[in-house]
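The values are calculated or read from the model by the stated rules, or taken from the named source; none is laboratory data. Note that the coordinates shown come from a computational prediction; the quantities given were computed from them, not determined experimentally. Glycine gets a Cβ as well: all are built from the backbone with ideal geometry, and neighbour counts include every protein chain shown. Side chains included, ligands, DNA and RNA excluded: accessible areas come from the protein's heavy atoms. Shrake-Rupley method; radii C 1.70, N 1.55, O 1.52, S 1.80 Å.
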Amino acid sequence: MKSEPLIEVVDLARYYEMAGTIIKALDGVNLEFYRGEYVSIVGPSGSGKTTLFNLIGGLDRPTRGKVYVDGVDLAELDAYELAWLRCRKIGYIFQNFNLIGVLTALENVALPTVFAGLPWEEGLKKAEELLRLVGLGDRLGHLPSELSAGQQQRVAIARAMVNDPDIILADEPTGNLDHETGRRIIGLLQRLNREREVTIIAATHDVEMIKGSDRVVWLRDGRVEKIEVK
Amino acid sequence: MNGDSTHFGLTDAFRLGLRYIRGRGQAPVNIASISLASAFYAYIALMRMGTQTLRTYRLWLLSVAVIVAAVSMATVMLISVYERYREIGVLKCLGALDRHVFLLLIVEALIQGLIGGGIGILLGFISTLISNTSTSLTGVNYLGLSSTLLLSTLISIVSSLYPAYRAMRLNPIEVLRYEV
């Protein structure tokens, strides 16, 4: 393993106050993620997976602790720099795909390139290339509502890849898919991880989905329970 | 991280805004309500009225048209923001800044205002010709007509300011937490 971690999480904690009680969504997590790794984060719902992703993606600020991406302390970035980070460095994949309903598959994939400052035509070209890569070359003009769940998630994967991010955060990417489709989506993520050397961090509560991971981080009640190196 | 930020220009806002207007059921409702209000406005604005009492009466009618259009537009825009909570959160996840979201919604309002105003002028003009014998084509109050378009656009934008502000302030983690 290379010495410089791509993401470093130090004593990370995020508490929420809900109806007067403090909820410790994350409570002192230390983790390192290296370039090109495929890491699965496993834990029951409420174990802090999504909170961890929100903090790594700079969507949320920690109560305590630090997140470093490429050596940069996220606490020192302003809203503009965080938006840039989310746009260029990190790709998101969600459980329920979260595609834009009025845009075609092609336009959905091209959308992040707009934020990255690419001319629209170039973005579309890149999007088409990626949709072919994920096997949807014949579905470019379809709206999300005209695609199956598995196809929608593949569009979301292409969208997450389009700005050539270093990191992909996949929060329960198979949670809304049947078992077979879920396995194929994981297979696709692992292929992209190998071919494109993008670091993938995939949260799941389904232990079936952790095969082929470089490491598995087990979370429970906001803490790291154990880390398995495969 | 080089201090650079993300981009979303006017052209991008028009492109995405047009997709939303084409793809969503709300837009026709917006455009229809602006059309009706502007038609009414244009009709009244084109009326020839001699006496002072009738002029005051006309001013009242015009104000009612403006208020009705603004309130319905604001309502529909707010609903449109609520319905798009998740998508707005996604845009922010993909790199949209607050002001990008704001720009998108204002541009949507602008487009709807222009379309609605255009249809409204036409409707108002036609109904004036049909019903108002005192108006002939030569005596058309073109100032009144063009002020209709300006007004419809203005109503549309002003009544969208608050909905757009609400959308801009959305916190993506709150929005994306609503998992089905």
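Remarks
- Peptide B:86-93 shows a mean partner chain C-beta count of 6 within 10 Å per residue C-beta.
- Amide H to amide H distances under 5 Å link A:Leu219 with A:Val42, A:Gly43, A:Glu225, where only residues 5 or more positions off or on other chains count and H is placed in the peptide plane.
- Among A:Arg220, A:Arg14, A:Arg132, the largest mean-square fluctuation in a Gaussian network model of chain A, built with springs joining Cα atoms closer than 10 Å, belongs to A:Arg132.
- Violating pairs (Cα-Cα greater than 29 angstrom) within the set A:Lys49/A:Lys89; A:Lys230/B:Lys92; A:Lys89/A:Lys226; A:Lys126/B:Lys92: A:Lys230/B:Lys92
- Share of alpha-carbon pairs per 5 Å distance bin for chain B, given as whole %: 1, 9, 16, 18, 15, 12, 9, 7, 6, 4, 2, 1, 0, 0
- Relative counts (whole %) of C-alpha pair distances in segment A:102-230, using bins that are 10 Å wide: 12, 40, 32, 13, 2
- Accessible area per residue, Å², the protein assembly as shown with all protein chains present, probe 1.4 Å: 45 Å²
- Once the trypsin sites (Lys or Arg not before Pro) in DSSP loops with at most 14 neighbouring Cβ atoms within 10 Å are cut out of chain B, the longest remaining piece is B:49-168.
- GNM result for chain A, Cα springs below 10 Å: residue of A:Ala79, A:Ala127, A:Ala202 fluctuating most strongly: A:Ala79
- For the protein assembly as shown, taking the reciprocal of the average inverse distance between every pair of different Cα atoms yields a Kirkwood hydrodynamic radius of 23.5 Å.
- Heavy-atom accessible surface of segment B:15-62: percent carbon and sulfur, 1.4 Å: 66 percent
- Chain A, accessible surface, carbon-and-sulfur percent (1.4 angstrom probe): 47 percent
- Whether segment A:123-175 is rounded, prolate or oblate, judged on the alpha carbon gyration tensor where a/c under 1.5 counts as rounded: oblate
- Distance-filtered residues of segment A:31-65 - backbone nitrogen under 18 Å, label point 7 angstrom along A:Tyr15 Cα→Cβ: A:48, A:51-52, A:61-65
- FRET efficiency estimate (nearest 0.05) - Cβ-Cβ, A:Glu121 to B:Leu122, R0 41 angstrom: 0.70
- Once A binds B, the 1.4 Å probe can no longer reach about 3000 Å² of accessible area, counting both sides.
- Cleavage-rule hits (GluC sites (Glu not before Pro)) in segment A:122-230: DSSP loop, at most 14 neighbouring Cβ within 10 angstrom: A:Glu197
- Mean Kyte hydropathy of -1.0 or more with a Cα span along the axis of at least 20 Å, helices from DSSP in chain B: B:26-46, B:52-83, B:98-131, B:142-168
- All Cα-Cα distances of chain A, cut into 5 Å bins from zero to the largest, leave 1, 7, 15, 18, 20, 16, 12, 7, 3, 0, 0 percent in each bin in turn.
- Cα pair count fraction exceeding 12 Å, expressed as % - segment B:35-96: 74 percent
- Within chain A, antiparallel bridges make up roughly 55 percent of the DSSP beta bridges whose residues both belong there.
- Chain A, relative contact order in percent, only Cα pairs under 8 angstrom and at least six apart counted: 28 percent
- Once the C-beta distance of A:Ala79 and B:Leu150 is scaled by a Förster radius of 35 Å, the resulting FRET efficiency is 0.50 to the nearest 0.05.
- Per-residue [θ]222 nm for the protein assembly as shown (sum of -39500 (n - 2.57) over DSSP H runs n ≥ 4, rounded to 500): -17000 deg cm²/dmol
- Per residue, the convex hull around the alpha carbon atoms of segment A:1-135 comes to 161 Å³.
- Each part gets one Cα centre, and for segment A:74-135 versus segment A:185-206 those centres are 17 Å apart.
- Rolled with a 1.4 Å probe across the full set of protein chains, the surface gives B:Ile79 an accessible area near 70 Å².
- Normalised alpha carbon radius of gyration of segment A:173-230 [divisor 2.2 N^0.38 Å]: 1.16
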